[in-house]
Amino acid sequence: MEDEAQLRSLLFLMIYVLLKRRRDVGDAGVQRRGEIHRRIRHRQYFLQRQRRMLMMMIAGGMQSSFHIRTRPWSTIPSTDWWERVVMTEFQPSDWLNKFRMSRETFFYLCDKLRPHLARQDTRFRLALPVEKRVAVALWRLASNIEYRTISNLFGVGKSTVCRCVRDMCHAIVALLGSSYLRSPTDQELEDSAQLFSSQWGFPHCVAAIATLHTDIITPSNNASSYINPAGWLSVMSQVAVNGRGLFWDVCASFPGGTDPADIFQNSSLWATAAEGGLSPAVKPHFMGKTLRYVLLGEACYPLQSWLMKAYPEEKGRRVAQAALTEPQQLFNRRLGRALRVSEEALLRLRARWQCLSKRNDCGLDVVPTMILACCILHNMCESHGDDFKAEWQAEVAEAENRRPRHKQLQSTSVDQYDAEEVRRLFCDFFQQQNTYSQQ
């Protein structure tokens, strides 16, 4: 009985081993056949790809009246609106409304930016023309509408819209900054001083300093530092505006909560003005004394011999200006009137390029370059005499009225010791002028 049991166990073991061997052989055969089929499909794919590439190369080399272009991985949106409507049917008012500049200025800008924006055609796709790349970017700067809307309008991808905006802003700063955003010449200083005296009633002045706050989305880091005194998130820029309303100097990319005086005192404009760089080689005279041209600033800046600001008013009194003398009150009124040149220039800037007025959803790495590019475009359009529509300004003013206003900041820096003497000279000048006008 024991021998039979052992034989039976041995028989079962042999049967199990044989069945397992048969199954393993079958599985190996299936895997081998699958690998063979996979290699066949893989080879067929590459053969088809090589044939397709060969046909495209043959088509590209054919001398015919048309070009065969293939883009098998995507569908090409329609560009009929750009090619037929904009380039052939747009009227002068359409160019001004949509691109914020005349047709002549638009093509002038395209020619200037061509070295940086031109791209080469490939076998797979046609490069966007420079004119279309500039139009896409200008549409975004002028309207601040979504990338998706511009993408559908121009028949390009959303990523292409973003890239066009970024590339054009960098190209404008690199190629046009030295022409439209630079230090003034001696003649330009004299012309600006004449404009401030004749149009704004403040003599011996060449520029006004102001700040621009650009609304942004919540940044990923240090968001609290971007909260400005009005309580909303912004990037702050410092600008210097001449008598024509053009920007001479722009410092961008500072968090909205930064003290404007700190920005100014650490800028190249401060160093240039303190060293006398904003006056001609032959120092001008004022009230019988040799005096450098001055800048005008808000109350948050420190008083300097070359930087005038208003006398502080004691708002706690029943009569706001009770603590000021009549010449000081007159000085404040004339200064406030002259500072309107910077206020109006910034309002025209935001009205023409509404990406600076509405909330800007670009990254913080793009916003400073965008601000500089818009200031350069502002100077270019103003210099070329392009029209400015009042409805743009009214639209921006209405939208910004819903936003909390900035509080008037006071200076926390020390005034220059001899600056009060210069400010007193202006008080005497305005007092004499007022006396002559009453006689």
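The values are calculated or read from the model by the stated rules, or taken from the named source; none is laboratory data. These figures come from a predicted structure and were not determined experimentally. Cβ: placed from backbone, ideal geometry, glycine included. Neighbour counts: every protein chain shown. All accessible areas refer to the heavy atoms of the entire protein, side chains included, with ligands and DNA or RNA removed. Shrake-Rupley method; radii C 1.70, N 1.55, O 1.52, S 1.80 Å.
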Handout entry: Count - residues of the range 199-221 that are among the hydroxyl-bearing types (Ser, Thr, Tyr) and within 16 Å of residue 241 (Cα to Cα)
Key = 1
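Tell me the residue from 291, 372, 347, 307 that is over 19 Å from the mean Cα position of the chain (by Cα), closer than 30 Å to residue 233 by Cβ and modelled with pLDDT of 90 or more, please. Working first, answer last.
Values: 291 fails: closer than 30 Å to residue 233 by Cβ; 372 fails: over 19 Å from the mean Cα position of the chain (by Cα); 347 fails: over 19 Å from the mean Cα position of the chain (by Cα).
Of the residues listed, the single one that is over 19 Å from the mean Cα position of the chain (by Cα), closer than 30 Å to residue 233 by Cβ and modelled with pLDDT of 90 or more is 307.
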Practice task
Return only the number of the condition from (1) touching a helix residue (DSSP H, G or I) at 6+ places or on another chain (Cβ under 7 Å); (2) at pLDDT 95 or above; (3) open to solvent by 10 Å² or more (accessible area, probe 1.4 Å) that residue 339 does not satisfy.
Solution key: (1)
Handout entry: Subset of the range 74-121 that is among the basic types (Lys, Arg) and at pLDDT 85 or above - its residue that is least open to solvent (accessible area, probe 1.4 Å)
Key = 100
Problem - Pair list, Cβ < 7 Å and 6+ apart or interchain, from the range 165-187 residues that are under 21 Å from residue 147 (Cβ atoms) to residues that are in a helix (DSSP H, G or I) and open to solvent by 40 Å² or more (accessible area, probe 1.4 Å) - result: 171/116
Fill in the blank from the handout: With criteria (1) open to solvent by 50 Å² or more (accessible area, probe 1.4 Å); (2) at pLDDT 95 or above, residue 134 comes up short on (1)
Completion exercise
Across (1) at pLDDT below 75; (2) loosely packed, with under 10 Cβ neighbours inside 10 Å; (3) of a type outside the set (Val, Ile, Thr), residue 71 clears everything bar (2)
Practice task
Among what's in the range 264-283 and is over 18 Å from residue 239 (Cβ atoms) and open to solvent by 20 Å² or more (accessible area, probe 1.4 Å), pick the residue that is modelled with the lowest pLDDT.
Solution key: 281
